[in-house]
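Engineer: Structure provided below as C-alpha cells; questions to follow.
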Amino acid sequence: MRTSLWTRLSNLGHFLRWTAPLMPWLAGLSALLLAAGLYLTWFVVPPDYQQGETVRIMYIHVPAAWLGVFFYGSMSLSAIGTLVWRHPLA
C-alpha cells in the first residue's frame, strides 16, 4: 500500500530530509526578492500626486499587516493540530 506524500511528510525526519537542501535556496531567493522590492519601493516608484512621499509607507505597512494576519492564522492552525492530534510537527 502506497502512502500519500502528505502522510510521508508528516514524519519529522522525512520532512527535514526533504526541506534541508531547499532552505539555502529559499533563503537566498527571499533575500533577493526583499532587496528588489525595497529598491523598487524607495527609488523607482514615483511619489503620489496628492500625498507625496508619505504614501510609500503603504508599501511596507500593508504587507506587514497581511503577514501578521497570516502568521496568527498559521499559529492557530498549528495549535489546533497540536491539541487535537498531538502531532510533533504542528
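Engineer: Working only within the stretch 35-51, note down all residues that are of a type in the set (S, T, N, Q) and loosely packed, with under 12 Cβ neighbours inside 10 Å.
Structural biologist: Matches in the stretch 35-51: Gln50, Gln51.
Engineer: Residues that are part of a helix (DSSP H, G or I) and either in contact with an Asp or Glu (Cβ under 9 Å, 6 or more places away or on another chain) or among the charged types (D, E, K, R) (or both): does the stretch 10-29 have at least one?
Structural biologist: Yes: the stretch 10-29 contains one or more residues that are part of a helix (DSSP H, G or I) and either in contact with an Asp or Glu (Cβ under 9 Å, 6 or more places away or on another chain) or among the charged types (D, E, K, R) (or both).
Engineer: All but one of (1) touching a residue at least 60 places away in the same chain (Cβ under 8 Å); (2) not in a helix (DSSP H, G or I) hold for Pro46; which doesn't?
Structural biologist: Condition (1) is where Pro46 drops out.
Engineer: If Trp25 satisfies every condition in (1) closer than 25 Å to Ser10 by Cα; (2) free of Cβ contacts under 8 Å to residues at least 24 places away in the same chain; (3) surrounded by 10 or more Cβ atoms within 10 Å (Cβ to Cβ); (4) not aliphatic (A, V, I, L, M) but one, which is the exception?
Structural biologist: Unmet condition: (3).
Engineer: Still on this structure: Evaluate the following for Phe15: is it hydrophobic (A, V, I, L, M, F, W, C) and open to solvent by 90 Å² or more (accessible area, probe 1.4 Å)?
Structural biologist: Here the answer is no, as Phe15 does not meet what is asked.
Engineer: Cβ-Cβ distance below 6 Å, separation of 6 or more or different chains: which pairs start in the stretch 7-22 with a residue that is aliphatic (A, V, I, L, M) and end on one that is modelled with pLDDT under 90 and in a helix (DSSP H, G or I)?
Structural biologist: Filtered contacts from the stretch 7-22: Leu9/Phe15.
Engineer: Do you know which residues across the stretch 52-89 are more than 16 Å from the chain's Cα centre (by Cα) and open to solvent by less than 70 Å² (accessible area, probe 1.4 Å)?
Structural biologist: Answer for the stretch 52-89, where residues must be more than 16 Å from the chain's Cα centre (by Cα) and open to solvent by less than 70 Å² (accessible area, probe 1.4 Å): Gly52, Val55, Arg56, Ala79, Gly81, Thr82, His87, Leu89.
Engineer: Separate question: Restricting the search to the stretch 24-66, which residues are under 30 Å from His87 (Cα atoms) and modelled with pLDDT under 95?
Structural biologist: Hit for the stretch 24-66 is Ala64, nothing else.
The values are calculated or read from the model by the stated rules, or taken from the named source; none is laboratory data. Please read these numbers as outputs of a predicted model, since none were measured by experiment. Backbone-built Cβ (ideal geometry, glycine too); neighbour counts: all protein chains shown. Side chains are part of the model used for accessible areas, which takes the heavy atoms of the whole protein and leaves out ligands, DNA and RNA. Shrake-Rupley method; radii C 1.70, N 1.55, O 1.52, S 1.80 Å.
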